[in-house]
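Report on the following structure.
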Amino acid sequence: QRFPSSLHPRCGPNANVPQSACGGRCAGRSFFSAVLPMFSSQPSTHSERRVVRFPPEKVFEVVSRVQDYTKFIPWCRDARILVAPKVVGSTEVAAGQKKGSGGVPEGPCIRETMSAQLEVGFQGLSEKYTSRVTLTRPALSTPEASSSSSSSPASCSSSILVEAEDSGMFEVLKSSWIFRPGPSPSSCWVEFKIDFAFRNPIYNQLASGFKEEVAKTMIGAFERRCQQLYATPSGHTAQGINK
């Protein structure tokens, strides 16, 4: 007797029906049960660090404008803000940094959160999901603080953390940016890190081959966007962004 897929009983060595009654499906299941553990479901991580010739606050501004991503990120098909940025607190050191270690600049920071919806397509895969975005910046870089104080800018390093909250394709999807003063006044160190894990372990194995490409493409896309917005014909940096 053959069993239709919708009514298929348990079968195999410990079941009450012979494998021949499964129409060969049990053998296939046994094969995948043996193969799937070979594919890791652990998050894959890659990071990039480089100097870009724009000051930290300008690169931060470009990365924080999620609604503009479709204009310059190759695989971003749609991007919109669902909940506008809202101040949720302050901290003495930017997120992810240890106070007083390794010469990391310190100072008062403002932390904001917002919600954004993104749709991405890459290597034949497409996904729409909501992300929680956490923005950390020097307190004196906000318009409110700048208007109420004439002190010099705080030395807190800016950072941006983006975490997917409701993805059907990804078990984990998180990216982080840290912006530190560069070797010259008009430059900054950009540190980008991406962590991801597909719910399908086979996708994780396939994705491991292009995670470095993704990270490099991301930083390159934002650097070109800064060039487009801020560079003048003379090569100097412009003073603002045209919103």
Q.
I need every pair where a residue in region 195-212 that is in contact (Cβ under 8 Å) with a residue 12 or more places away in the chain and farther than 12 Å from V172 by Cβ has its Cβ under 6 Å from the Cβ of a residue that is open to solvent by 60 Å² or more (accessible area, probe 1.4 Å) and outside any helix (DSSP H, G or I), sequence separation at least 6 or different chains.
A. P201/S41
Q. Which residue pairs have Cβ atoms under 8 Å apart, sit 6 or more places apart or on different chains, and have a first residue in region 65-76 that is aromatic (F, W, Y) and a second that is in a strand (DSSP E or B)?
A. Y69/C76; Y69/A79; Y69/L118; W75/V120; W75/G121; W75/F122
(Q) Restricting to region 218-243, count the residues that are of a type in the set (K, R) and modelled with pLDDT of 70 or more. (A) 2
Q: Find the residue count for region 41-60, including only residues that are open to solvent by less than 60 Å² (accessible area, probe 1.4 Å) and at pLDDT below 90.
A: 2
Q. Identify, please: which residue in region 206-217 is touching an Asp or Glu at 6+ places or on another chain (Cβ under 9 Å) and either acidic (D, E) or open to solvent by less than 30 Å² (accessible area, probe 1.4 Å) (or both) and is, among those, modelled with the highest pLDDT?
A. A215
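The values are calculated or read from the model by the stated rules, or taken from the named source; none is laboratory data. If you're wondering where the values come from, they're calculated on a predicted model, not measured in any experiment. Here the Cβ is made from the backbone with ideal geometry for all residues, glycine too, and neighbour counts use every protein chain on show. The protein model used for the area step is the full one, side chains on, heavy atoms only, and it has no ligands, DNA or RNA in it. Shrake-Rupley method; radii C 1.70, N 1.55, O 1.52, S 1.80 Å.
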